[in-house]
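Below: one structure, written as C-alpha cells.
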Amino acid sequence: MPNIQTQGTEEVHPDVLLVNQARQGDVQAFEKLVKQYDRQVFRIAQHITQNREDAEDVVQDAFLKAYEKLDQFQGNSKFYTWLVRIAVNESLMRLRKRRTGKMVSIDEDVETDEGSMPRDLADWGPDPEMQYGQSELAEILRKTIQGLPPGFRTVFVLRDVEGLSTEETAETLGLSVPAVKSRLLRARLQLRERLSRYFRKNKRDGAK
C-alpha cells in the first residue's frame, strides 16, 4: 500500500491514518485494518497453535486487544508488525494453556553451535510461494513446520512464510537480530533435514 504524502516532506503510511481515525471513534477505519490483515494473522496463529479453532480465537482476541490498545501504538513501526506481535503473544498463551506445566516462550535462550554449521546453509530457505503453490508439497511442508519447536517455528513463519524482514521479525518478537538469525538458521537446518529424510524414504519406498 503506497504512503500518502502530507503537506510537508514526511510520508504517512495509510495504516497510520486508519489508526488515527479509529482512535477518534471511527469503527469503520478499524474494520478496514481487520479486513486487510485478518488472513495473515490467522495463518500465523494457525502455524503457531496448530489448531484452527485456537487460531480463530487468536485472531479475534488479537484484534480486540489491538483496538483496546490503539493509544499505545506509537507509529514508529508498522501497524502490521505491532499487530503480529500481539497475535504471536496470544498464540503462545494458547500453547501455554494447552501444555500444562510446560511453558513456551519465544524469549527462551537457545544454545547454538553456529561455528560448526556449514556456511552454505546460512542463506538456505524454501521459496514459500513455490512450495505453497503445489498442494502435495504444501502439505509436506506444513507437517514439517509443525514439527519444529515453537520458538523456531514462529521465527520461520514470520520470516520465510509471511515475508517479514529479519529486523521486523526481531522487533515483532522482542528479540535481537542475531537471535532471530540464529533461530532462523536452526529452523531451516531442521526443515532441510526432515524434508530430506522424507524424500529419501519415499524414494526408497518407490524403488521397492
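Quick one: which residue in 157, 180 is in contact with a helix residue (DSSP H, G or I) (Cβ under 7 Å, 6 or more places away or on another chain) and either surrounded by fewer than 21 Cβ atoms within 10 Å (Cβ to Cβ) or touching a residue at least 40 places away in the same chain (Cβ under 8 Å) (or both)? Walk me through it before giving the result.
Numbers: 180 fails: either surrounded by fewer than 21 Cβ atoms within 10 Å (Cβ to Cβ) or touching a residue at least 40 places away in the same chain (Cβ under 8 Å) (or both).
Criteria check complete, one pass: 157.
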Every listed condition ((1) over 24 Å from residue 39 (Cα atoms); (2) modelled with pLDDT of 85 or more; (3) open to solvent by less than 50 Å² (accessible area, probe 1.4 Å)) holds for residue 195 save (2)
When every residue in the stretch 48-82 that is in contact with a Phe, Trp or Tyr (Cβ under 6 Å, 6 or more places away or on another chain) and of a type outside the set (Phe, Trp, Tyr) is compared, the one least open to solvent (accessible area, probe 1.4 Å) is 55
Flag for residue 86 being closer than 19 Å to residue 183 by Cβ, in a helix (DSSP H, G or I), of a type outside the set (Gly, Ala, Ser) and modelled with pLDDT of 85 or more = no
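The values are calculated or read from the model by the stated rules, or taken from the named source; none is laboratory data. Computed from a predicted model, the values in this text were never measured in an experiment. Note that we place each Cβ from the backbone using ideal geometry, even for glycine, and neighbour counts take in every protein chain shown. Please note that ligands, DNA and RNA were not included when accessible areas were found on the heavy atoms of the full protein model with its side chains. Shrake-Rupley method; radii C 1.70, N 1.55, O 1.52, S 1.80 Å.
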